[in-house]
Ligand code: ADP
Ligand code: MG
């Protein structure tokens with residue numbers, strides 16, 4: 001037996017679920033209603049531009065106000081408004097998006113990117129905080145009556161003639177008792193500043209405009225000066241130090257994305273940065289949790305990313321699996337790698353000066369991303385203890401001739417603490433070896449990576465026991481001790497160090513300040529260091 005049919009939904013059961021679980025953050029209601037008002041304003045602009053509306057556009061502003069006594073919050077716009085029929089169509093049908101319909105209808109006539117709405121669910125977020133919602137609206141269309149819609153959050157609504165005399169819409173929320181926290185000037189201001197700061201239509205609250213409707217990431221790089229970028233950085237992070245440089249992202253195929261990523265000064269610290277990258281969709285703030293969209297090693301960057309192709313309101317696991325998100329991630333990695341490559345090629349000296357700050361990104365990126373490694377290996381710099389910077393190829397050439405061990409493998413010596421290891425460094429230099437300075441928190445991982453990537457090359461810490469096994473390059477260090485003296489001294493040390501796993505070796509050191517040194521096996525030491533830094 002076979003039967004086909006339609007699954008039915010009981011609105012009265014599903015409605016509370018939508019209200020409750022649509023968004024985890026209740027404050028989002030304001031973002032949704034203000035974006036609808038912005039959409040309505042953009043739509044009337046569009047209609048005017050294509051000659052479908054010939055009236056006066058007037059001042060297109062969205063006004064947010066609240067009344068503590070009446071316990072209401074109102075969002076007003078002078079957008080295209082709605083007729084009673086349109087309310088029935090767009091508001092009474094949940095998950096039917098008028099925004100999507102509008103974009104479909106006027107698709108070939110301009111910039112559909114300007115419209116925010118998409119899912120046809122946003123409006124109902126009002127019921128997360130309101131016991132009753134009222135719409136008062138008047139359509140731009142001639143010979144239409146204004147309309148009023150009231151709903152108390154049940155599946156019943158009431159439509160009647162409205163009292164709005166001019167084009168546009170007022171949405172009034174009668175705030176529920178458990179949401180009265182939102183009837184607060186500061187709270188509303190903070191929410192607007194968080195989500196609506198860069199919405200493309202002016203938003204007014206308490207007689208002040210709270211947003212910048214034309215953020216620079218939406219402009220073309222050719223229109224912008226360095227000052228514009230620095231000013232915008234300050235607008236995003238008022239207390240931060242100036243950034244080193246930035247990348248303006250701008251792509252429209254195979255996905256849409258704009259944004260600006262700034263390289264901050266991070267020095268050697270990998271600490272969590274307070275300033276985070278902000279994620280926007282059509283100039284609406286979504287989140288500053290950009291994990292998955294931005295590769296982990298670039299999360300230390302600052303700035304904004306705006307993409308209508310990043311799915312909103314969806315769970316983290318969905319975001320990870322989303323193919324657009326993966327493409328965006330790859331694109332950003334490539335852009336950053338290319339930008340660094342350009343800087344290196346066009347201004348080696350400037351690049352070297354900045355490397356103290358950007359080295360951490362470059363190394364982190366090379367360790368964690370194969371594709372990034374392939375691009376960055378040509379400009380990643382290493383510094384020796386004399387302060388000279390080399391690319392990896394330059395360094396290989398520099399040391400290859402004379403730094404070999406008995407297996408003919410190339411040895412790179414490095415110091416993890418140039419002050420404490422100075423004696424060893426001097427000793428190595430006297431033997432004709434160069435010593436790298438690799439002392440950042442990431443360097444243990446970086447060293448392991450280099451060993452895997454560069455064939456027949458080993459990195460040894462300058463104070464490791466292997467140093468004695470290096471071929472000495474014909475430099476003889478004289479010892480003034482007789483064999484007998486040596487044995488006596490060895491005996492003394494062996495007695496003190498009761499641990500039989502440690503051995504005492506007596507040899508001449510070229511530096512007088514160090515009468516005795518304790519070295520540790522390179523492998524064992526690295527194991528302990530790695531466990532301290534944490535794997536990855
Ligand atoms: P979406 O914005 O994703 O389309 P919403 O649930 O937020 O879905 O809104 C549903 C529809 O109601 C909108 O697409 C629009 O047609 C209409 N609408 C909502 N708010 C307004 C408004 N302020 N002015 C005009 N139309 C509106
Ligand atoms: Mg909406």
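Bear in mind these aren't lab numbers, they're just calculated from the coordinates by the rules spelled out. Just so it is clear, the model here is predicted, and its values are computed rather than measured. Glycine also receives a Cβ, built like all others from the backbone with ideal geometry; neighbour counts cover every protein chain displayed.
Figures for the structure shown
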| quantity | calculated |
| --- | --- |
| Packing-based order for 285-294, 132-141, 160-169, 218-227, using average beta carbon neighbours within 10 Å, highest first | 132-141, 285-294, 160-169, 218-227 |
| Rounded, prolate or oblate (a/c below 1.5 giving rounded, otherwise prolate when a/b exceeds b/c) for the stretch 141-197 by Cα gyration tensor | oblate |
| Distance from the stretch 334-371 to the stretch 398-459 (C-alpha centre basis), Å | 22 |
| 25 °C / 0.890 mPa s Stokes-Einstein diffusion coefficient of the stretch 44-202, Kirkwood radius on C-alpha pairs, µm²/s | 147 |
| FRET E, pair residue 155, residue 65, Förster distance 41 Å, beta-carbon r, rounded to 0.05 | 0.90 |
| Label-point separation, residue 100 to residue 184 (7 Å along Cα→Cβ), nm | 3.7 |
| Segment residue 177-residue 88, extension gain: residue separation times 0.36 nm, minus the distance between their alpha carbons | 29.2 nm |
| Ranked 10, 445, criterion: other C-beta atoms within 10 Å, fewest first | 10, 445 |
| Value in Å of the Kirkwood radius, where the stretch 304-460 supplies the Cα pairs that are averaged | 17.6 |
| For the stretch 138-247, diffusion coefficient by Stokes-Einstein and Kirkwood Rh (Cα), 4 °C, 1.567 mPa s, µm²/s | 71 |
| Label-point separation, residue 334 to residue 224 (7 Å along Cα→Cβ), nm | 2.1 |
| Spin-label zone in the stretch 361-384 - amide nitrogen under 13 Å from a point set 7 Å from the Cα of residue 296 along the C-beta vector | 364-370 |
| Distance (nanometres) between label positions extended 7 Å along Cα→Cβ at residue 451 and residue 25 | 4.4 |
| The stretch 170-313: Rg to Rh, with Rh as the Kirkwood radius over Cα pairs | 1.00 |
| The stretch 23-113 - convex hull of alpha carbons, volume per residue in Å³ | 136 |
| Residue 485/residue 388 FRET efficiency (R0 56 Å; Cβ-Cβ; nearest 0.05) | 0.90 |
| Least to most buried among 12, 101 (fewest other Cβ within 10 Å first) | 12, 101 |
